[in-house]
Amino acid sequence: MIELFNTAEIERLRVAGAFVADVLSALRDAADVGVNLLELDALAEKMIAERGAVSCYVDYHPSFGAMPFGKVLCTSVNDAVLHGLPHDYRLRDGDLLSVDFACSVDGWVADSATSLVVGTPRAEDLALIATTERALAAAIDAARAGNRLGDISNAIGNVAREAGLSVNLQFGGHGVGRTMHGDPHVPNYGRPGRGLPLKPGLVIALEPWFMLGTDEIYTDQDGWTLRSADGSRGAHGEHTVAITEDGPLVLTARPAP
């Protein structure tokens, strides 16, 4: 079911979005060479507890997960491109890290992700992250009342195609609000002018993610982490966005690093 939220409800979602943004900002600051992925997860868990929020990930067990997720963050490193299960790994110089975080604050859910390089970056990694961010910006700009869902998908796909990247359609954006994942599904490639009409009150998480090589993925032995089939690196960006009469409202906006 697709739910539309009123102005007061969007304000409550904005509170949840601000907290998610604060956690991601703290994680960006903390991520460095030598930092363990479990330390990042513990930092987010501490901030959740202090805020009285609720993790959306710990007990999450969809059909594509081998078991309940068990952690509060997705930390995907290098060829791990989505759903990275935090484990005992210390970040190394040049690692490309994507962090995805969602939680519920007073019953309202926001979801966001960001990618960064720790230590000395590779030019191709920075370019991939920049492409992902351009695609996210294009998606947000297309998230306007009167447009259709395909306009968002097409905006993302166009950025990928211009950068010479292919797009995986197994995972994309989604509705968000009272739960982490809801309708509608928002593919990262599509035809303009097609699909669901976008109306004020719709809240969606837009999340372009791209890999430098293939668009094929496989599930790691941990039962959760998705890796690129050819070992190429991936980057991921995501914001929770409300469609309003006045244009798109980014509920998880955070200061630039």
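The values are calculated or read from the model by the stated rules, or taken from the named source; none is laboratory data. Computed from a predicted structure; not experimentally measured. Note that we place each Cβ from the backbone using ideal geometry, even for glycine, and neighbour counts take in every protein chain shown. Areas reflect the complete protein model, heavy atoms only, side chains present, ligands, DNA and RNA absent. Shrake-Rupley method; radii C 1.70, N 1.55, O 1.52, S 1.80 Å.
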Q: Spot the failing condition for Pro86; the list is (1) in contact with a strand residue (DSSP E or B) (Cβ under 9 Å, 6 or more places away or on another chain); (2) closer than 24 Å to Leu13 by Cα; (3) in contact (Cβ under 8 Å) with a residue 24 or more places away in the chain; (4) open to solvent by less than 20 Å² (accessible area, probe 1.4 Å), and only one is missed.
A: (2)
Q. For the stretch 185-204, how many residues meet the condition of being within 17 Å of Val167 (Cβ to Cβ) and not in a loop (DSSP other than H, G, I, E, B)?
A. 2
(Q) Pull out all pairs, ordered by first then second residue, where Cβ-Cβ is under 9 Å, the residues are six or more apart or on different chains, the first lies in the stretch 210-235 and is touching a residue at least 40 places away in the same chain (Cβ under 8 Å) and under 12 Å from His83 (Cβ atoms), and the second is surrounded by fewer than 22 Cβ atoms within 10 Å (Cβ to Cβ) and among the hydroxyl-bearing types (Ser, Thr, Tyr). (A) Thr225/Thr219; Leu226/Tyr218; Leu226/Thr219; Arg227/Tyr218; Arg227/Thr219
Q.
Take Ala21 and tell me if it is open to solvent by less than 70 Å² (accessible area, probe 1.4 Å) and either without any contact (Cβ under 8 Å) to a residue 40 or more places away in the chain or on the phi < 0 side of the Ramachandran plot (or both).
A. yes
Q. Being without any contact (Cβ under 8 Å) to a residue 60 or more places away in the chain and open to solvent by less than 10 Å² (accessible area, probe 1.4 Å), is that true of even one residue in the stretch 184-193?
A. yes
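Filter the stretch 205-245 down to the residues that are assigned to a loop (DSSP other than H, G, I, E, B), among the small types (Gly, Ala, Ser) and crowded, with 22+ Cβ neighbours inside 10 Å and list them by number.
Gly237
Rundown of residues vs (1) open to solvent by less than 40 Å² (accessible area, probe 1.4 Å); (2) farther than 28 Å from Cys56 by Cα; (3) of a type in the set (Gly, Ala, Ser), yes/no style:
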position	(1), (2), (3)
Val117	yes, no, no
Asp141	no, no, no
Leu165	yes, yes, no
Gln170	no, no, no
Q.
Residue under question is Val105, and the condition is that it be farther than 12 Å from Gly234 by Cα and open to solvent by less than 10 Å² (accessible area, probe 1.4 Å); does it hold?
A. yes
Q. Hey, does the stretch 107-127 have a residue that's over 20 Å from Ser25 (Cβ atoms), among the basic types (Lys, Arg) and in contact with a helix residue (DSSP H, G or I) (Cβ under 8 Å, 6 or more places away or on another chain)?
A. no
**Q.** the stretch 34-66, residues that are among the aliphatic types (A, V, I, L, M), open to solvent by 40 Å² or more (accessible area, probe 1.4 Å) and either closer than 16 Å to Asp88 by Cβ or modelled with pLDDT under 95 (or both)
**A.** Leu38, Ala42, Leu43, Ala66
Q | Pick from the stretch 4-18, criterion touching a strand residue (DSSP E or B) at 6+ places or on another chain (Cβ under 7 Å) and surrounded by 18 or more Cβ atoms within 10 Å (Cβ to Cβ), ranking: nearest to Val99 (Cα to Cα) | A | Gly17
(Q) Can you go through Ser232, Ser153 and tell me which one is in contact with a strand residue (DSSP E or B) (Cβ under 8 Å, 6 or more places away or on another chain), within 30 Å of Gly70 (Cβ to Cβ) and hydroxyl-bearing (Ser, Thr, Tyr)? (A) Ser232
Q: Could you list, in sequence order, all residues of the stretch 153-192 that are over 22 Å from Arg134 (Cβ atoms) and of a type in the set (Gly, Ala, Ser)?
A: Gly175, Gly177, Gly182
